[in-house]
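Comments concern the structure below.
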Amino acid sequence: MAFKLTYATMFNPPDELHRGFDSAVSKLKQNLGQEYAMIINGRDVFADEKWDDRSPVNTEWVLARIQKGNAMHAQQAVAAARDAFPKWSRTPWQDRVKLVRKAASIIEGRIFDLGAAMALEVGKNRMESLGDVQETADLMYYSALMMEKNKGFISPMGKDPLVGYQATNMSVLRPYGVWLIVSPFNFPFALTGGPTGAALVAGNTVVIKPASDTPWIVRLYAECLRDAGFPEGVVNFVTGPGSTLGQALVDSKELDGATFTGSFDVGMKLYRDLAQREYVRPVILELGGKNPVIVSRHADLGDAATGIVRSAFGLQGQKCSAASRVLVEEPVYNELLGRLKETTEKLIIGDPTERATTMGPVINKNSYADFKNFTEELNQAGGRFLTGGHVKTGGMYDKGYFCEPTFVTDLPYEHRLWQYEMFLPITTIGRVGDLDQAMKIANGVNYGLTAGFYGSRDETAWFFDHIEAGVTYANRPQGATTGAWPGFQPFGGWKGSGASGKNGGGLYYVQLYMHEQIRTLVKHASNGQSARRTAPRRKAASKRSAPATGRRGSRKPGRRK
Ligand code: NDP
């Protein structure tokens with residue numbers, strides 16, 4: 001069987017993947033530091049101000065020169081998306097599906113170049129970088145598939161004349177309009193591409209605003225869409241600070257909906273800002289996590305240690321799904337700690353483009369400073385470092401932002417860092433007397449994104465039933481809390497981790513990008529003729545105002561069978 005890259009298979013990839021990646025990195029390194037424009041209405045747009053996008057691996061490496069877009073660019077991008085909406089929304093859904101699939105296949109074709117850029121810009125190790133690219137393509141394919149499986153979400157409703165008259169009733173899901181997509185630095189490709197694919201296939205036009213730490217890789221994503229042939233203005237891409245350009249997008253009166261993935265505080269501000277309008281706009285929020293792992297006395301401790309270390313320190317702990325709290329039943333506490341220490345000490349920290357590296361740098365100077373401050377605070381509060389506790393220094397480490405994978409024990413449960421999302425390679429471990437205590441602690445936070453469990457089969461049913469989280473795993477060595485894949489483990493959070501209650505890459509996601517219209521067409525019984533026969537033949541007008549119902553819906557009146 002051909003190898004399929006996912007976050008579960010990436011630990012043992014075939015050699016050709018390594019060869020492809022290595023050659024892409026050396027090619028890319030010859031060509032760093034180029035200037036990249038924004039894309040508005042299909043054209044490259046340059047701003048007066050620019051900034052250098054530097055690598056967290058080595059801050060002397062300038063990866064790209066990026067445009068510092070401002071409020072004027074925000075308005076231009078939204079206006080372009082507004083102008084493109086009527087035509088795009090009336091494009092048959094089958095054609096939108098085709099285009100989204102084409103873009104996904106272009107992404108797959110460029111996986112090595114994109115993965116190489118990702119590793120340099122985000123600091124993800126090579127397999128995580130390639131995984132992010134493949135996940136993006138799969139998210140887009142999945143939205144296309146859902147559109148197709150549901151026949152464009154054009155569904156006949158009941159014909160039963162119980163309501164007292166004869167009529168045809170259709171439920172039609174239709175796009176909202178201009179959709180804003182704001183993405184975070186840690187999965188810049190998948191968390192731009194997943195929402196974008198869904199918004200586009202549903203018939204919305206989009207404005208994409210990436211994190212300022214990762215504008216280059218998202219520009220390369222926008223190029224894949226441009227090369228797929230989306231019409232001008234359907235996909236717009238702007239770069240600049242969240243506090244200015246991002247805020248101007250949020251404040252635009254022309255927005256019809258938004259998907260924000262990022263921190264709780266920024267996401268809630270966006271939500272509140274959008275609520276100040278004359279009517280409610282849909283906002284899909286995907287926010288932070290403080291994800292627990294519960295280890296029972298009946299657990300397979302080998303699987304638990306492998307899964308916990310992968311989820312605590314993959315991408316340097318900067319995943320919304322990272323295992324940041326571990327709660328262990330007393331009888332297996334010491335043994336698990338021994339295994340966690342042994343497994344963690346095998347991790348290799350270094351240049352994420354190197355084959356052997358498991359952990360690269362954290363994203364930027366602020367995160368690096370946060371690591372130092374948090375470890376100091378943990379130390380002061382009585383926490384003990386089972387592993388790590390320091391930043392890495394000497395040689396190449398002094399050029400970037402490298403931190404040790406850090407497990408902390410003995411931190412009192414009342415301490416704020418049991419609740420606060422540090423978003424770094426720091427995980428706290430606590431001892432519990434029984435599983436009920438563990439569950440109480442696990443659920444005692446505002447977040448509810450992912451959760452993991454290791455224990456007996458009977459206990460897993462109890463775990464799934466009681467845990468408050470959107471993505472849950474039991475007895476999984478591939479990752480205790482991380483590594484969801486579209487179509488298998490749709491991803492989304494409860495409570496403060498997400499607003500829609502429906503998970504990306506799942507059965508109910510693409511529908512979030514459409515609102516429902518019910519179409520009731522009465523058959524006139526009085527003169528014995530159906531509305532179809534008496535409808536005027538307004539060919540030209542009907543074409544202009546044809547509903548977004550795909551091929552079937554755009555037929556001219558009088559031609560329906
Ligand atoms: P931030 O909240 O700092 O930034 C996210 C995005 O918001 C960036 O593009 C940022 O731009 C932009 N932004 C900032 N201020 C505004 C504003 N006023 N208006 C509009 N946009 C704005 O998050 P990070 O990038 O640091 O990502 C980490 C966070 O994301 C973590 O909390 C993590 O848990 C969460 N996350 C959640 C996921 C989920 O699926 N639930 C998945 C991945 C991450 P700029 O960079 O220019 O400031």
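Nothing in this text is a laboratory measurement; each read-out follows from the coordinates by a stated rule. If you're wondering where the values come from, they're calculated on a predicted model, not measured in any experiment. Cβ placement follows ideal geometry from the backbone for every residue including glycine, while neighbour counts extend to all protein chains displayed.
Annotation: aspartates and glutamates with alpha-carbon distance below 13 angstrom to Lys4 (same-chain offsets under eight excluded): Glu16, Glu108, Glu135, Asp138. Take the Cα of Phe3, go 7 Å toward its beta carbon, and the backbone nitrogen atoms of segment 346-388 under 20 Å from that spot belong to 348, 352-359. Decide, for segment 279-421, between rounded, prolate and oblate: order the square roots of the alpha carbon gyration tensor eigenvalues as a ≥ b ≥ c, take rounded if a/c falls under 1.5, and otherwise choose prolate if a/b is larger than b/c, else oblate. Cα axes put segment 279-421 in the rounded bin.
Only Lys, Arg, Asp and Glu carry charge here, each on its Cβ (+1 for the first two, -1 for the last two); on that basis segment 85-200 has a dipole of about 520 debye about its Cα centre.
Pairs with C-alpha atoms separated by more than 20 Å, drawn from the list Lys29/Lys124; Lys68/Lys102; Lys124/Lys365; Lys98/Lys253, are Lys68/Lys102; Lys98/Lys253. Given +1 at the Cβ of Lys and Arg, -1 at the Cβ of Asp and Glu and no other charges, the dipole of segment 121-279 around its Cα centre is 300 debye to the nearest 20.
For Gly314, the shell of other residues with beta-carbons less than 11 Å away shows a net charge of +2, using +1 for Lys and Arg and -1 for Asp and Glu. Note on segment 310-437: antiparallel DSSP beta bridges, both residues inside, total approximately 30 percent of the bridges counted.
The loop-placed trypsin sites (Lys or Arg not before Pro) in segment 299-365, going by DSSP, that have at most 14 neighbouring Cβ atoms within 10 Å of their Cβ come out as Lys346, Arg355. Given axes a ≥ b ≥ c from the Cα gyration tensor, I'd like to know whether segment 188-294 is rounded (a/c under 1.5), prolate (a/b larger than b/c) or oblate. In terms of gyration-tensor shape, oblate. Set the Cα radius of gyration of segment 347-460 against 2.2 N^0.38 Å, with N its number of residues, and you get 1.22. Note on Arg272 and Lys372: the model spin-label points, each 7 Å out from Cα along the C-beta direction, lie 3.2 nm apart.
Report the local net charge at Lys27: Lys and Arg +1, Asp and Glu -1, summed over other residues whose C-beta lies under 15 Å from its C-beta.
Overall, the nearby charge balance is +2.
Computed over the chain, the alpha-carbon pair-distance distribution with 20 angstrom bins reads 21, 51, 23, 5, 0, each value a whole percent. Would you work out which of Tyr413, Tyr401, Gln437 lies farthest towards the positive end of the dipole of segment 392-442, given +1 charges on the beta-carbon of Lys and Arg and -1 on that of Asp and Glu, about the Cα centre? Projecting each Cα onto the dipole axis, the largest value belongs to Tyr401. Using the rule -39500 (n - 2.57) for each DSSP H run of four or more residues, divided by the residues of the chain, the 222 nm mean residue ellipticity is -11500 deg cm²/dmol.
Here the dipole of the chain is about 4100 debye; that uses its Cα centre as origin and unit charges on the Cβ of Lys and Arg (positive) and Asp and Glu (negative). Taking the alpha-carbon centroid of each part, what is the distance from segment 138-196 to segment 1-50 in angstrom? For segment 138-196 versus segment 1-50, the Cα centre distance is 30 Å. Between His390 and Asn150, the simple label model (points 7 Å from Cα in the Cβ direction) yields a spacing of 5.4 nm. Computed over neighbours whose Cβ is under 12 Å from that of Asn475, the net charge equals -1, Lys and Arg +1, Asp and Glu -1. Here Lys502 is the anchor, and the lysines within straight C-alpha reach of less than 24 Å, apart from those fewer than 8 places off in the same chain, are Lys149, Lys151, Lys209, Lys269, Lys290, Lys319. Extending 7 Å from the Cα toward the beta-carbon at both Asp303 and Lys29 defines two label points whose distance is 4.0 nm. Packing, taken as the mean count of other beta carbons within 10 Å per residue, orders the peptides 31-43, 501-513 from highest to lowest as 501-513, 31-43. Projecting the Cα atoms of Asn236, Thr59, Gly498 onto the charge dipole of the chain (Cβ charges, centred on the Cα centre) puts Asn236 farthest toward the positive pole. Which of the three applies to segment 324-382, rounded, prolate or oblate, going by the alpha-carbon gyration tensor with a ≥ b ≥ c and a/c under 1.5 meaning rounded? Oblate, since a/c reaches 1.5 and b/c is not below a/b. Per the Debye calculation on segment 59-193 with a single equal scatterer at every Cα and no solvent contribution, log₁₀ I(q)/I(0) for q = 0.11, 0.13, 0.17 Å⁻¹ amounts to -0.60, -0.78, -1.11.
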